[in-house]
Amino acid sequence: QVQVVESGGGLVQAGGSLRLSCAVSRSLVNIYAMGWYRQPPGAQRELVATITSGNTQYADSVKDRFTISRDNAKNTVYLQMNNLKPEDTAVYYCNIKPGALTISRTYWGQGTQVTVSS
């Protein structure tokens with residue numbers, strides 16, 4: 001069984017920082033990519049950032065403010081969010097793409113609420 005456990009969400013003031021963590025079951029030993037998505041209120045889910053072994057990608061709206069990183073030994077991905085803005089308010093989801101060709105599915109976290117006050 002693969003589990004994806006998120007933490008770090010909460011309520012912060014505009015201009016503040018927050019660090020999200022997503023820990024993946026150690027039974028999933030081969031991970032190709034990890035990513036963060038978010039769903040603002042009343043909007044569709046959107047890509048925030050992704051990371052592979054050698055590459056990171058960011059949505060234009062978060063470039064220069066957010067940083068995605070991973071700790072392979074811990075099967076954990078992080079999202080450091082700086083200079084938060086009210087428009088960053090959303091439910092943030094962790095997504096895991098296995099590297100094994102035998103696993104076709106991806107894994108999602110439960111989502112964690114991030115609220116940025118003005």
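Placing a pseudo-label 7 Å from each Cα along the Cα-to-Cβ vector at D71 and T115 gives an inter-label distance of 2.9 nm.
Estimated at the nearest 10 Å², the accessible area of S53 is 110 Å² with a 1.4 Å probe. Remark: segment 66-74, residue by residue, has Karplus-estimated 3J(HN,Hα) of 9, 9, 9, 8, 9, 10, 5, 5, 9 Hz, where x stands for each Gly or Pro and the curve is 6.51 cos²θ - 1.76 cosθ + 1.60 at θ = phi - 60°. Entry comment: accessible area of segment 21-113 is 53 Å² per residue, from protein heavy atoms only and a probe of 1.4 Å.
Give me the percent of accessible area attributable to carbon and sulfur for the chain, probe 1.4 angstrom. That share works out to 47 percent. Here's the list of aspartates and glutamates a cross-link from K63 could span, going by alpha-carbon distance under 18 Å and ignoring same-chain residues fewer than 8 apart: E46, E87, D88. The H on the amide N of R70, modeled in the peptide plane, is under 5 Å from the matching H of Y78, each at least 5 residues off or on a different chain. Under the criterion of Cα pairs below 8 Å and six or more residues apart, the relative contact order for segment 1-90 equals 33 percent. Note on K97: lysines with a C-alpha under 17 Å away, same-chain residues under 8 apart excluded, are K74. Label zone (Q57, point 7 Å along Cα-to-C-beta; backbone nitrogen cut-off 14 Å) within segment 83-105: 97.
The values are calculated or read from the model by the stated rules, or taken from the named source; none is laboratory data. Computed from a prediction, not measured in an experiment: that's the story for all the values here. For neighbour counting, all protein chains shown are included, and Cβ atoms are generated from backbone atoms with ideal geometry for every residue, glycine included. The accessibility values were calculated without ligands, DNA or RNA, using every heavy atom of the protein model including side chains. Shrake-Rupley method; radii C 1.70, N 1.55, O 1.52, S 1.80 Å.
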